[in-house]
Amino acid sequence: MCESILSTLEQKVATAPTTSGVYLMKDKKGDILYVGKAKNLRKRLSSYFLKQEQDHQKTALLIRKIHTFDTIITAHEDEALLLESTLIKKHRPRYNILLKDDKRYPIIRMDLTSAYPYLSVVRKSKTDGAMYFGPFPSGRSVRETLHTINKMFKIRKCRHKQIQARTRPCLNYQIKTCLAPCCFPVESKEYQKIVQEIILFLKGRTPALVRQLKRKMITYADQQDYENAAVIRDRMRSIEKILEKQVAVSTSPVDWDVVGWADNEHAAVFTMMAVRRGRLANTSHYYFTKGLSTVNEMMESFIRQYYENVPLIANSVITSLDLSHQASLERYLESLTSKKVYIIHPVRGEKRRLASLADENASNELTERDAAQNKMNRTLINLQKALKLNQLPGRIECFDNSNISGTSPVASRSVFVDGHPDPSAYRRYHIKTVQGADDYASMKEILSRRFKSDDPLPDVLMVDGGRGQLSMAELVLKEIHLDHPLCIIGIAKKKALETKDKIYIPKRINPINISDDALFLLQQVRDEAHRFAIQFHRKKRQKKQTESFLDDIPGIGPKRKAMLIAHFGGIQPLKQADVSDFDGIPGISKEVAENIVKKSKNDEKIIQKLSDVGD
């Protein structure tokens, strides 16, 4: 930061208001870098620009990017918190902490408005009469929870709001994981009992659920209904096994959320421990890169964003830090849940022990993440040496083609940044200029299209294939005249009797020597491109298989299409119909009927011409 800019900022700080409000840090382009709140704006801004030395070198580097700031005065501290939250959501500043970038964490939804409720995974709760449980830290954790529920409870798996009648039950009924209300008479009262058991399970009330199931099992046994008693017994045992994994952390049946933290110079981890009925029901970790916020501010921001997505908030939130805006944060949480919520910073006793345990878990998670990143950095260094690069390969791109005998040709791009997949940068390509199975020409088309985009250039560009595909990539790069040369490599699968895949570089016949960890990383990038291409090709092929001559006719949508096929008993009888055959069909006017007949006759003429050419 030059002296003139610093001097201007210091003058602005000197005239900044001393009331509560929000400040917006901006760079030289006017883009918002950071949004913060303060009880005293002048005092908070002084800590950035008038402090002789910052606590961390990274903070000092970030402050140098600031060219100006704006302030917004608020009536009180609560208003400042709400305004800060609104501005962060709107502008998504680079150096504010944001839960999972632009996404929300998954939550489980139970639709109670249906006569036979079902479970689904969503990322946003609504006031629609449904119950929501979560959030879960990852898609994997929510899938595991659903898998456990589906094994233990015979709730329906189909996700239609209203039960759709079927002539025969699906596989879930055959394996005894669904009551099949779509085929058999199932009393709503009995189904609702299962629903209530699932609600207890998802709320973490497993001890109460076990007691309830035990009473039900005894009732069935007294009635000599031993088959149902055995089903309840097995379900109870499954829940007891889960209960064994939940450690008792309190002598009282309390519901607490415990927030711990750990940080280093570059990042911070917040750990959320959910205590339900005195047992540790769930522990989740959230990792953030450090920006301009203090750890205290980061924890406040994390708690606010976390509970914006949580349908059920515990009565007490225990924190290992003494938060600066505790009272206003409590009022904010109360506005979300319509009940009193206490934020507690304990100094002794059982709650202090739990807060320390949360800190310990966060520290362990941060250590593991750092170890994993250090391992990845070593892998990137090995790859840099093998490819003789001037810098670490921060961005790796791989391209792959997919087709079956030249039909429905597509391609894909996978992207890894700093050794980790970046799904938001993945791309799918329809092959437009190539006929048949010509991988070389397809590769030329997609690479030409890729380098016309504004995406950042890769440090390593990889094509799935050997020397042939690599040569094609070289030709494309020569034709488009890039400003600086790229590292291009080809990855070929191992053949019979070979021990590992091969990496080719230009102007060399034999594959290069490369360490196992670097090769494994490149294989991961290739496999992601391959998976993405096959997935896209399968989707395109399935769409093509479901197409019919009706799709291009104005006035014929999916519902009318299905109605016509059902009315005539198939596509072929429909193609042979005259205009008069459409009389009396709801929604089909004479004009639409004429278009259908005309389209059918045109298709027949085309088929006949192709047949004549073949002969």
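The values are calculated or read from the model by the stated rules, or taken from the named source; none is laboratory data. Since the model is a prediction, treat every value here as computed from it, not as a measurement. In this analysis, Cβ positions are derived from the backbone assuming ideal geometry, glycine residues included, and neighbour counts consider all displayed protein chains. Calculation scope for accessible area: heavy atoms of the full protein, side chains included, ligands and nucleic acids excluded. Shrake-Rupley method; radii C 1.70, N 1.55, O 1.52, S 1.80 Å.
Looking at segment 356-413, the trypsin sites (Lys or Arg not before Pro) that sit in a DSSP loop and have at most 12 other Cβ atoms within 10 Å of their own Cβ are LYS388.
Within segment 254-341, the percentage of alpha carbon pairs spaced more than 15 angstrom apart rounds to 58%.
Per-residue surface analysis assigns ILE194 an accessible area of about 20 Å², computed on protein heavy atoms at 1.4 Å probe radius.
Potential lengthening of the chain between LYS601 and HIS147 amounts to 158.3 nm, from the contour at 0.36 nm per residue minus the alpha-carbon distance. I'd like to know which of ILE218, ASN374, GLN384 lies farthest towards the positive end of the charge dipole of the chain, counting +1 on Cβ of Lys and Arg and -1 on Cβ of Asp and Glu. Highest projection toward the positive end goes to ILE218. Distance from the Cα centroid of segment 258-273 to that of segment 78-150 is 21 Å (rounded to whole angstrom).
Surface composition of segment 111-184: carbon and sulfur atoms hold 52% of the protein heavy-atom accessible area at a 1.4 Å probe. Computed over protein heavy atoms with a 1.4 angstrom probe, the accessible surface ordering of ARG109, ARG279, ARG450, largest first, is ARG279, ARG109, ARG450.
Our coupling estimate for segment 64-70, obtained by passing each phi through the Karplus curve with A = 6.51, B = -1.76, C = 1.60 and θ = phi - 60°, is 5, 7, 7, 10, 6, 8, 10 Hz, Gly and Pro reported as x.
Based on alpha-carbon atoms, the Kirkwood radius and the radius of gyration of segment 91-222 give Rg/Rh equal to 1.05. Computed with every protein chain present, the accessible area of CYS170 is close to 50 Å² [probe 1.4 Å]. Can you find, among SER316, PHE288, LEU202, the residue sitting farthest towards the positive end of the charge dipole of segment 177-320, where Lys and Arg contribute +1 and Asp and Glu -1 at Cβ? The Cα lying farthest towards the positive end belongs to LEU202. Among the protein heavy atoms, those of THR499 account for about 120 Å² of accessible surface (1.4 Å probe, every chain in place).
Using the Cβ-Cβ distance between GLU187 and LYS539 with R0 = 45 Å, the FRET efficiency computed as 1/(1 + (r/R0)^6) comes to roughly 0.65. Computed from label points 7 Å out along Cα-Cβ, the spacing between GLN523 and ALA371 is 2.3 nm. In terms of its C-alpha gyration tensor, segment 433-502 comes out oblate, because a/c is 1.5 or above while a/b does not outweigh b/c. Building the convex hull from the alpha-carbon atoms of segment 300-388 and averaging its projection over directions returns 8.3 nm².
Beyond 18 Å in Cα-Cα separation lie the following of the pairs LYS39/LYS351; LYS452/LYS478; LYS493/LYS540: LYS39/LYS351; LYS493/LYS540.
Here the chain is assigned +1 on the Cβ of each Lys and Arg and -1 on the Cβ of each Asp and Glu. Its dipole about the Cα centre then comes out at about 1060 debye. Dimensions of the chain from C-alpha coordinates, computed as largest minus smallest value along each principal axis and given longest first, are 89, 82, 60 Å. For segment 149-193, the solvent-accessible area with a 1.4 angstrom probe is 70 square angstrom per residue.
In this structure, GLU474 and LYS43 have a Cβ-Cβ separation that, at R0 = 60 Å, corresponds to a calculated FRET efficiency of about 0.50. Using R0 = 35 Å, the C-beta based FRET efficiency linking ALA60 and ILE381 works out to 0.80. Starting from the alpha-carbon convex hull of segment 349-467, give the projected area averaged over all orientations, in nm². Averaged projected area of segment 349-467's Cα convex hull equals 11.3 nm². Since only SER85, LEU62, ILE175 are under comparison, the one whose Cα sits farthest along the positive direction of the charge dipole of the chain, derived from C-beta charges on Lys, Arg, Asp and Glu, is ILE175.
Sites listed here are GluC sites (Glu not before Pro) in segment 162-232 whose DSSP assignment is loop and whose Cβ has at most 10 other Cβ atoms within 10 Å: GLU187. Accessible area per residue for segment 353-396 is 58 Å², calculated with a 1.4 Å probe on protein heavy atoms, without ligands, DNA or RNA. Taken about its Cα centre, segment 430-500 carries a charge dipole of about 300 debye when Lys and Arg each add +1 at the Cβ and Asp and Glu each add -1 at the Cβ.
For segment 21-53, there are no residues whose amide N sits under 11 Å from a probe point set 7 Å from the Cα of ALA14 along the beta carbon direction. Computed on protein heavy atoms with a 1.4 Å probe, the accessible areas place THR145, THR219 in the order THR219, THR145, largest first. Maximal additional length on extending the SER515-THR499 stretch stands at 4.4 nm, based on 0.36 nm per residue less the C-alpha distance. Here each label is just a point 7 Å from Cα along the line to Cβ, and for ILE344 and VAL122 those points are 3.3 nm apart.
With every protein chain in place and a 1.4 angstrom probe, the accessible-area ranking of TYR191, TYR342, largest first, reads TYR342, TYR191.
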